[in-house]
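Here the structure comes first, spelled out in C-alpha cells, and everything after it is commentary.
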Amino acid sequence: MSDLNQRIQNSETRIFKAVFPNTTNHYDTLFGGTTLHMMDEASFICATRFSRKKVVTVSTEKIDFTTPIPQGTIVELVARVDKVGNTSCVVKVEIFMEDMYSEKRDSVVTGYFTYVAVDEEMNSIPIA
C-alpha cells in the first residue's frame, strides 16, 4: 500500500451521535443546519488527520438528504478523503442512521467538503 493510501486509510473518521430533541426541527427530525455542522466537523477532523496541517473549508458540494432522520435514532458520520490535490483534499461524508432498538441501518445523507491547507498567513501550502 502506498504512503498516500495508508494516510487516507488512517485518517478515516467515524463519529456517533444520538438524535435528541434539542437537535430536531418542528417535524421532530434532525435539523438540516445541525446535520451540516456535524458533517463539516467530521470532514475537518478527517482532513486534519490526513494532512496534519491547518486546513480551512473552501467549499461543499452536493449534499444529498435522502431520508429524514427522526428523533430517537443514532447516526454515524463516516468521513474519508476522496481526492487529493496539491494544496487541497476532498472529504466524502456519509451519514448512516440506526434505529436504537433494532439492527436497521441506512445511508441517509452524503456530501463532499473541500479543504485547503494553509500557513500562518492563510496562504495555501502543499497538503500532502
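Bear in mind that the values in this text are calculations on the coordinates, not laboratory data. Please read all numbers here as calculations on a predicted model, not as lab measurements. Positions of Cβ are generated from backbone atoms using ideal geometry, with glycine treated the same way; all protein chains shown enter the neighbour counts.
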* Treat each spin label as a single point 7 Å out from the Cα along the C-beta direction, and report the residue 63 to residue 107 distance in nm. => 1.9 nm
* Asked: Taking only C-alpha pairs under 8 Å that are 6+ residues apart, what is the relative contact order of the chain in percent?
  -> 28 percent
* Spin-label model distance (nm) - residue 3 vs residue 54, 7 Å beyond Cα toward Cβ -> 2.4 nm
* Structure fact -> Along the dipole axis of segment 3-117 (charges at Cβ: +1 for Lys and Arg, -1 for Asp and Glu; origin at the Cα centre), the most positive-end residue among 25, 15, 48 is 48
* **Between 0 and 90°, nearest 10: helix 32-51 axis offset from the chain longest Cα axis** => 30 degrees
* To do: Set the Förster radius R0 to 30 Å, insert the Cβ-Cβ distance between residue 76 and residue 125 as r into 1/(1 + (r/R0)^6), and round the FRET efficiency to 0.05.
  => 0.40
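How big is Rg to Rh over segment 76-128, alpha-carbon atoms, Rh as the Kirkwood inverse-mean-distance radius? Before the final figure, lay out each step's value.
Working: Rg = 15.8 Å, Rh = 12.9 Å.
Rg/Rh: 1.22.
To the nearest 20 debye, what charge dipole does segment 3-117 have about its Cα centre, counting +1 at the Cβ of each Lys and Arg and -1 at the Cβ of each Asp and Glu?
Details: 13 positive and 14 negative charges, 119 e Å.
Magnitude of the dipole: close to 560 debye.
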* To do: For segment 41-63 and segment 78-102, write down the distance between their C-alpha centroids in whole Å.
  => 10 Å
* When a/c is below 1.5 the answer is rounded, else prolate if a/b is larger than b/c, else oblate, so apply that to the chain with a ≥ b ≥ c taken from the square roots of the Cα gyration tensor eigenvalues. => prolate
